[in-house]
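One structure is given here, and the rest of the page talks about it.
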Amino acid sequence: MWRAGESRYGPLVPSSAPPPPAPEEQTLPLTEAERLEREAARRSLRARLTRGPVLRAVGRADTAGMRWVRGLARSRRATAAVRSYSHLGEHGALWIVLGLGGVALDARRRREWATGLAGIGVAYAVNTSLKQVARRPRPDFPDLPPLIPTPGPLSFPSSHSASSAAALVGFAGLVPTAPLAVAASTMAISRVHLGVHYPSDIVVGASLGVLVARGVARALEQ
């Protein structure tokens, strides 16, 4: 027998009563074995990427390039001059000042100067984002110590190189080509001489700066 308010199948529930809430889905935590397996997979992939024959060859070329560039200017006076010039390129400052000066003083070509500035800013932002992904540490060789402090520990790609290449593209036709090319390339190479970037950081950073500056200019023309 069953009591009042019950049926033979259980308690009677009025049809107007809302259904009981469904239990919330819960994400089960990883077991220790699963966590170790994932970590081992990440390390294995990282090892394959960093120890492959291509990147080993790049590493050897980077080291040889750093030694060669460092040997080009061995005097304290030359190194001091390189250091002072390189400081001007922090966060693209030299090129931003040049672009702002053009915007302020060259009313006829103000739009072109502003487009060049936009390319530099976007190139710097993209380069900084890629650094956080690549997370390549700066060079660390006992016989090639860094000769200048840096704002961060990450090396790849070079922000100096990216912003300088973007300036070379963005200010083309606004500034005499030869002096601008010398200034931009010297800025980029100075980072290798000072021991804070590998040559491959410079090459990739410059390529990135060119591509981004051209893309920004094309987008703003539409």
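The values are calculated or read from the model by the stated rules, or taken from the named source; none is laboratory data. No experiment lies behind these values; they were computed from the predicted model shown. Using ideal geometry, Cβ is built from the backbone for each residue, glycine included, and neighbour counts are taken over all protein chains shown.
Brief remarks follow.
Residue by residue, here is whether (1) at pLDDT 85 or above; (2) surrounded by 10 or more Cβ atoms within 10 Å (Cβ to Cβ); (3) assigned to a loop (DSSP other than H, G, I, E, B) holds:
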| residue | (1), (2), (3) |
| --- | --- |
| LEU45 | no, yes, no |
| ARG74 | no, no, yes |
| SER84 | yes, yes, no |
| TRP95 | yes, yes, no |
| LEU100 | yes, yes, no |
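- Scanning the range 198-222 for residues that are among the charged types (D, E, K, R) and at pLDDT 95 or above gives a single hit, ARG214.
- Of all residues in the range 95-123, those that are in contact (Cβ under 8 Å) with a residue 12 or more places away in the chain and over 17 Å from SER161 (Cα atoms) have Cβ atoms under 6 Å from Cβ atoms of residues that are β-branched (Val, Ile, Thr) and in a helix (DSSP H, G or I), 6 or more apart or on another chain, in TRP113/VAL103; ALA114/VAL103.
- Taken over the range 47-72, the criterion of being hydroxyl-bearing (Ser, Thr, Tyr) and at pLDDT 75 or above is satisfied by THR63 alone.
- Qualifying residue in the range 52-71 (condition: of a type outside the set (Gly, Ala, Ser) and outside any helix (DSSP H, G or I)): no
- Test: residue in the range 134-156 that is at pLDDT 95 or above, crowded, with 19+ Cβ neighbours inside 10 Å and on the phi < 0 side of the Ramachandran plot: no
- Qualifying residue in the range 168-191 (condition: under 14 Å from TYR85 (Cβ atoms), touching a His at 6+ places or on another chain (Cβ under 8 Å) and surrounded by fewer than 18 Cβ atoms within 10 Å (Cβ to Cβ)): no
- Filter pass, SER161 being within 23 Å of the chain's Cα centre (by Cα) and under 18 Å from LEU208 (Cβ atoms): yes
- Candidate set from the range 185-214 (those that are small (Gly, Ala, Ser) and touching a residue at least 40 places away in the same chain (Cβ under 8 Å)); member that is nearest to ASP140 (Cα to Cα): GLY195
- Test: residue in the range 139-158 that is assigned to a helix (DSSP H, G or I), out of contact with any strand residue (DSSP E or B) (no Cβ under 9 Å at 6 or more places or on another chain), touching a residue at least 40 places away in the same chain (Cβ under 8 Å) and among the small types (Gly, Ala, Ser): no
- Selection status of VAL122, closer than 17 Å to ILE96 by Cα, among the β-branched types (Val, Ile, Thr) and surrounded by 16 or more Cβ atoms within 10 Å (Cβ to Cβ): yes
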